[in-house]
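Step one of this worksheet: look at the structure below.
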Amino acid sequence: MNKKFLSALIATSVFAVGCANNEGDSSASENTNDDTEITTNLEGVPESLNDDIKVAVIRNLPSDDHTTQFLDGARSEGESFGFEVDTYISDGDDARFQDLVSQAINSDYDGMIISHGKESYSYNMLEPARDRDIEVVTFDTVAERDGETLEGVTSTAQNDALLAEYSLEEAIHFSENDVPNIIKITVGGIVPLDNRDVVYKQYEEEGKINTLQEIGPQNMQSVISDITSATNSILSTYGEGEIDIIWAAWDELAKGAYNAIKENGRHDVDLVSIDVSNQDINFMTEENSTWLSTAAVDPHLIGVMNMRLLAMKLAGEETPDTYELEPHIIRQEDLDSDTVMNSLNEVIDGWGESEDFNQDWMNILRENN
């Protein structure tokens, strides 16, 4: 990484997730494995991968558990191929995010994985990368302008329609009423949550659910505390039995709601959500927990799949324009007291597994790095 780029990162106090942050270490905002060296001239490996490959993974969300696992998945898969992988987060700050991407484009990266860019700026933000032949894979990012997508970019996402459908069917399943009374928690302007909201509104229009009230955080840097406070206020205005379900479109929102339910002793209010983390599992398995279900894709696998697609682009191989990862339902009753993210595959069939885009030459690289 050139010194100009590194200095700018340090000046804006951007930290790489999962990287040792030692005082006085000028490389604290990088995530470099010094032992990672690509093996050259391996038989069966695309020629373009016989050079050193550098990849930047840049995410526009806070440093929550989901983000950490996503970045770990991308990093571990990339390093298994012998790539040097640097990871960065912008804490939901769009200006900082765009600056990070711009600096990466002007550095010496061969490829980029971009997560959670807004539709209003992502095409213009990423166009210079493609102009410089930097390969790009995006997650939950719409790089589109005037109805045209950015050529050469693969856009990945969780199947948000299914995530919403699965979670709302869970809300109906756990409700004692045919039409559950729901407190809805979401955030507008975030692509995956907006996609989930489309399905939510369909359920409303079809009379399958009844929304009592909708809330969201005031500040993306204080999501959990904002939602805890808002849910506390709501619980004080509704009596026992008046709320069937709190539905959270994102598990960070659900954590705030769970805190409020617990603080108020409202064991009559159930909680269903989308996405999962170790902390979510801990909350779901606590005594008297009413967090009954979540619909989710393994965030580590999301990072892995994005890196495989990027590796194929770097190898000059054809990749799809779009790719969606299929979700699973995780119920409280499925979980053991010692269940963690890394062992969910023991209780949820197919969790964290996919052979999609796993090329033979990737196995050769793994065996030699």
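Readers should treat all values here as calculations from the given coordinates under stated rules, not as data from a laboratory. Remember, predicted model here, so these are calculated numbers, not experimental data. Don't worry about glycine lacking a Cβ; one is built from the backbone with ideal geometry, like all the others, and counts go over all protein chains shown.
Could you please let me know if TYR203 is under 28 Å from ASP336 (Cβ atoms), out of contact with any Pro (no Cβ under 8 Å at 6 or more places or on another chain) and part of a helix (DSSP H, G or I)?
Judged against the criteria, TYR203 is not a match.
Please return the ranges of helices (runs of 4 or more DSSP H) entirely within segment 61-159 where 1 or more residues are of a type outside the set (A, V, I, L, M) and closer than 13 Å to VAL304 by Cα.
On the way: elements: 65-80, 94-105, 122-131.
In segment 61-159, the matching helices (runs of 4 or more DSSP H) lie at 65-80.
Across segment 161-197, what is the number of residues that are surrounded by 18 or more Cβ atoms within 10 Å (Cβ to Cβ), among the β-branched types (Val, Ile, Thr) and not in a helix (DSSP H, G or I)?
Residues in segment 161-197 being surrounded by 18 or more Cβ atoms within 10 Å (Cβ to Cβ), among the β-branched types (Val, Ile, Thr) and not in a helix (DSSP H, G or I): 6 in total.
Within segment 299-319, take every residue that is assigned to a helix (DSSP H, G or I) and out of contact with any Asp or Glu (no Cβ under 7 Å at 6 or more places or on another chain) and give me the one that is surrounded by the fewest Cβ atoms within 10 Å (Cβ to Cβ). Write out each step before concluding.
Of segment 299-319, the ones assigned to a helix (DSSP H, G or I) are 299-314.
Okay, now just the ones that are also out of contact with any Asp or Glu (no Cβ under 7 Å at 6 or more places or on another chain), so 299, 301-302, 306, 309, 311-312.
Working: PRO299: 25, LEU301: 19, ILE302: 22, ASN306: 27, LEU309: 25, ALA311: 28, MET312: 21.
Out of the qualifying residues, it is LEU301.
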